[in-house]
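Here the structure comes first, spelled out in C-alpha cells, and everything after it is commentary.
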Amino acid sequence: MLTGIDHVGIAVEDLDAAVERYRRTLGIEPSHREVVQSQGVEEVLFEVSDTSIQLIGALGPDTPVGRFLAKRGPGLHHLGLRVDDVASTLQALRTAGVPLIDESPRSGSRGTTIAFVHPTGMGGVLVELVEDAR
C-alpha cells in the first residue's frame, strides 16, 4: 500500500510569513502554491528530496485548519503518505477496522487523489493518503 512519504503538513497562522521564514531559515524555495477551496486552505509546498514540506493556512476560522489553529495553534497538522491507489487503500483500512474521515477518494492539490484517515486509527496522527496524478 505505502510507497513513500508525500509531505509533512504544517498549519500556520500567517502563510506568507511562514513561507519567508522557511526560505530564510532553511534556504529553500517554494515549488508550488495553490488555494484548495474544497479543503478551506491555501498551501505552499517546498520540495525536499523526494518529499515536501507543506505549509497550510486556513481560508477562514470555520474550516478544518482554522479550527485546528484555534484549538492547538500552529504546528504539525498531518502526515501525507503516498500510495498507489487511494480507493484500494481505503478499502483495506476499512476492512481492518481503521476509522476513516473520508469514505471515498476526493480531489487534492496538484491533481492528486486523496483521503484522510482518522487520527484515532493512527495513534493520534492525522494521515492523508495521496495518489499521484502521474
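The values are calculated or read from the model by the stated rules, or taken from the named source; none is laboratory data. Everything numeric in this text was worked out from a predicted model, so none of it was measured. For neighbour counting, all protein chains shown are included, and Cβ atoms are generated from backbone atoms with ideal geometry for every residue, glycine included.
Quick check on region 12-34. Is at least one of its residues of a type in the set (Val, Ile, Thr), touching a residue at least 24 places away in the same chain (Cβ under 8 Å), surrounded by 16 or more Cβ atoms within 10 Å (Cβ to Cβ) and not in a strand (DSSP E or B)?
Within region 12-34 (the criterion being of a type in the set (Val, Ile, Thr), touching a residue at least 24 places away in the same chain (Cβ under 8 Å), surrounded by 16 or more Cβ atoms within 10 Å (Cβ to Cβ) and not in a strand (DSSP E or B)), the answer is yes, since at least one residue qualifies.
Filter region 120-131 for residues that are surrounded by fewer than 16 Cβ atoms within 10 Å (Cβ to Cβ) and more than 13 Å from the chain's Cα centre (by Cα); which is nearest to Gly9 (Cα to Cα)?
The selected residue is Gly124.
Would you mind stating whether Phe68 is of a type in the set (Phe, Trp, Tyr), part of a strand (DSSP E or B), under 16 Å from the mean Cα position of the chain (by Cα) and within 23 Å of Glu13 (Cβ to Cβ)?
No: the conditions fail for Phe68.
For region 61-107, what are the residues that are hydrophobic (A, V, I, L, M, F, W, C) and crowded, with 18+ Cβ neighbours inside 10 Å?
Answer for region 61-107, where residues must be hydrophobic (A, V, I, L, M, F, W, C) and crowded, with 18+ Cβ neighbours inside 10 Å: Val65, Phe68, Leu69, Leu81, Val83, Val86, Leu90, Leu93.
Out of all the residues in region 85-100, is one or more in contact (Cβ under 8 Å) with a residue 40 or more places away in the chain, within 16 Å of the chain's Cα centre (by Cα) and farther than 13 Å from Leu126 by Cα?
Yes, that holds for at least one residue.
When you go through Val86, Val12, Val44, Val98 one by one, which is the residue that is of a type in the set (A, V, I, L, M), out of contact with any Pro (no Cβ under 6 Å at 6 or more places or on another chain) and either closer than 13 Å to Val130 by Cβ or modelled with pLDDT of 95 or more (or both)?
From the options Val86, Val12, Val44, Val98, the qualifying one is Val98.
Return the residues of region 37-54 that are within 16 Å of Ile5 (Cβ to Cβ) and part of a strand (DSSP E or B); say none if nothing qualifies.
Leu45, Phe46, Glu47, Val48, Thr51, Ser52, Ile53, Gln54
Considering only residues that are surrounded by 12 or more Cβ atoms within 10 Å (Cβ to Cβ) and within 22 Å of Val86 (Cβ to Cβ), which ones fall in region 36-57?
Answer for region 36-57, where residues must be surrounded by 12 or more Cβ atoms within 10 Å (Cβ to Cβ) and within 22 Å of Val86 (Cβ to Cβ): Val36, Gln39, Gly40, Val41, Glu43, Leu45, Glu47, Thr51, Ser52, Ile53, Gln54, Ile56.
For region 73-118, give me the residue count where each residue is outside any loop (DSSP other than H, G, I, E, B) and either hydrophobic (A, V, I, L, M, F, W, C) or within 21 Å of Gly4 (Cβ to Cβ) (or both).
Total satisfying the criteria: 27.
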